[in-house]
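Structure record follows, encoded as structure tokens.
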Amino acid sequence: MLLAVRTRVAELCPEHEEKLKLFCVTDQQLACIICRDGERHEGHKFKPIKEAAVSLRKELEKGMENLCGDIHVTVSLAKTQREEITKTKEKSKQLMTQICRQFVEMHQFLRQREDEIKKDLKDKEEEAVEKMSETLNAMETALSENRELEGKVTSVLKIPDYEKFLKSWTEENSMKTPEHLFRPRANELQVVNNSLTLGPYESHLQFFMWKEMLQVIQPRAEELSFKGNSRDITVSDDGRSLFCTPQSNQRSDPFGNPFNQGFVFSSSHSFTNSLDQRMLKSVIGTISVNEFSSGQHYWETEVGKRDYWELGIKDNFLKYDGQKYSTCCANIIRELSFAHRPRKIGIYLNCSSKKLSFYDADNMTHINTMSSSLMPIPLSAYFNIRCRTPDPNPMTVCWY
């Protein structure tokens with residue numbers, strides 16, 4: 001009986017002591033008829049309790065279906081994420097081993113060269129000291145003989161008697177004249193100067209070691225060669241340098257600027273009208289003979305003081321237009337800021353991840369990294385230069 005009373009009390013509105021027959025959809029709470037007409041629920045939407053309960057039950061059951069599916073997907077995602085964490089740790093461990101091994105190889109090379117240079121220095125020291133020691137021994141012998149002669153002459157000169165004087169001198173020096181005995185010995189001796197030298201290792205040791213290491217380290221920078229695909233560019237005999245050599249019969253626009261004929265245009269060039277296109281100086285594009293389908297590759301290009309260039313791969317490149325630097329990735333252009341003007345650009349291509357990174361190759365400062373799933377395989381290095389004549393500044397790929 002007491003339980004029944006408590007149940008009835010629980011079903012009454014705590015404010016108006018009326019039965020809770022309605023559900024306020026707006027406030028998401030039970031309400032009585034007086035609550036519905038009151039100011040606090042003015043303009044609110046109400047449903048009978050049974051209707052609201054049935055509607056909510058359907059929503060919860062549908063939500064449970066979606067929740068079960070979401071739990072299943074989340075479990076799968078969590079499993080995949082755990083696998084990626086494991087892969088990342090294994091990759092890090094692998095790279096750590098690789099880094100340690102490569103530094104050990106460099107340390108071994110440097111230690112070996114250090115020992116060789118030290119041995120060379122020691123051999124040169126011994127050779128130089130040996131020559132100097134021989135000269136020093138000759139000097140000390142001459143000095144000893146002169147001092148001995150000095151003593152004898154001093155002793156003879158103290159004899160006042162002529163006969164005894166002559167007899168004393170001639171007994172010990174019967175076959176030698178004073179002129180022969182007193183000849184200058186120092187004139188026959190010469191100091192051997194310090195000839196010890198290590199050449200450039202004295203002042204440029206680190207630079208020379210760096211140059212030597214370039215010949216033994218692996219992998220090395222790619223030795224790219226330009227592909228001459230236009231009459232208006234000249235590729236050097238070794239394939240490393242690109243010159244602009246526009247033909248004399250090339251058509252020009254009304255402003256005196258040549259039109260492009262058979263050139264590869266960068267996708268970053270967009271013009272609002274034909275006048276803008278004619279006002280732009282001719283730009284010549286080419287690609288490398290080398291093609292890349294897999295793995296990681298790095299190459300460097302000497303841009304020098306060129307006032308226009310584009311470097312990278314087709315549709316993904318770093319650009320300098322004489323005033324500013326920018327990147328173009330899948331037709332999206334972003335401007336970059338530089339503390340100084342790079343003289344040499346390094347490019348790192350990862351074919352598997354399709355990422356392209358740019359570096360100031362003089363100090364290996366990272367410039368920018370771009371990625372695009374649209375990079376077509378195989379890939380070739382891409383170059384663009386502004387057509388000008390004469391062209392004193394070739395674009396050159398670096399070989400080490």
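The values are calculated or read from the model by the stated rules, or taken from the named source; none is laboratory data. The shown structure was predicted, so the numbers you read here are calculated from the model rather than taken from an experiment. Cβ sites come from the backbone with ideal geometry, for glycine too, and all protein chains shown count toward neighbours. Accessible surface is based on the protein model in full, side chains and every heavy atom, while ligands, DNA and RNA are left aside. Shrake-Rupley method; radii C 1.70, N 1.55, O 1.52, S 1.80 Å.
Tabulated data for the structure shown
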| item | result |
| --- | --- |
| Residues located in region 149-163, provided they are in a helix (DSSP H, G or I), without any contact (Cβ under 8 Å) to a residue 24 or more places away in the chain and open to solvent by less than 60 Å² (accessible area, probe 1.4 Å) | Gly151, Val153, Val156 |
| Members of region 200-231 that are part of a loop (DSSP other than H, G, I, E, B), at pLDDT below 85, surrounded by 10 or more Cβ atoms within 10 Å (Cβ to Cβ) and not hydroxyl-bearing (Ser, Thr, Tyr) | Val216, Ile217, Arg220, Ala221, Glu222, Glu223, Leu224, Lys227, Gly228, Asn229, Arg231 |
| Among (1) loosely packed, with under 13 Cβ neighbours inside 10 Å; (2) farther than 24 Å from Cys398 by Cβ; (3) at pLDDT 50 or above - the single one Ser274 does not satisfy | (3) |
| Of all residues making up region 31-48, the number that are aliphatic (A, V, I, L, M) and at pLDDT 85 or above | 1 |
| Candidate set: region 343-397, residues that are hydroxyl-bearing (Ser, Thr, Tyr) and assigned to a loop (DSSP other than H, G, I, E, B); chosen: the one nearest to Ile233 (Cα to Cα) | Thr389 |
| Candidates Lys89, Lys118 - the one that is at pLDDT 90 or above, assigned to a helix (DSSP H, G or I) and either within 30 Å of Gln190 (Cα to Cα) or over 60 Å from the mean Cα position of the chain (by Cα) (or both) | Lys118 |
| Subset tally (residues that are open to solvent by less than 90 Å² (accessible area, probe 1.4 Å), within 30 Å of Ile117 (Cβ to Cβ) and among the β-branched types (Val, Ile, Thr)) for region 164-199 | 2 |
| Every residue from region 326-342 that is of a type outside the set (Phe, Trp, Tyr), open to solvent by 10 Å² or more (accessible area, probe 1.4 Å) and outside any strand (DSSP E or B) | Ala330, Asn331, Ser337, Ala339, His340, Arg341 |
| Selection count, region 293-325, where residues are outside any loop (DSSP other than H, G, I, E, B) and open to solvent by 10 Å² or more (accessible area, probe 1.4 Å) | 8 |
| Residue within region 37-44 that is open to solvent by less than 100 Å² (accessible area, probe 1.4 Å) and in a helix (DSSP H, G or I) present | yes |
| Single match in Asn146, Asn137, Asn187 (criterion: over 30 Å from Lys211 (Cα atoms), in a helix (DSSP H, G or I) and in contact (Cβ under 8 Å) with a residue 12 or more places away in the chain) | Asn146 |
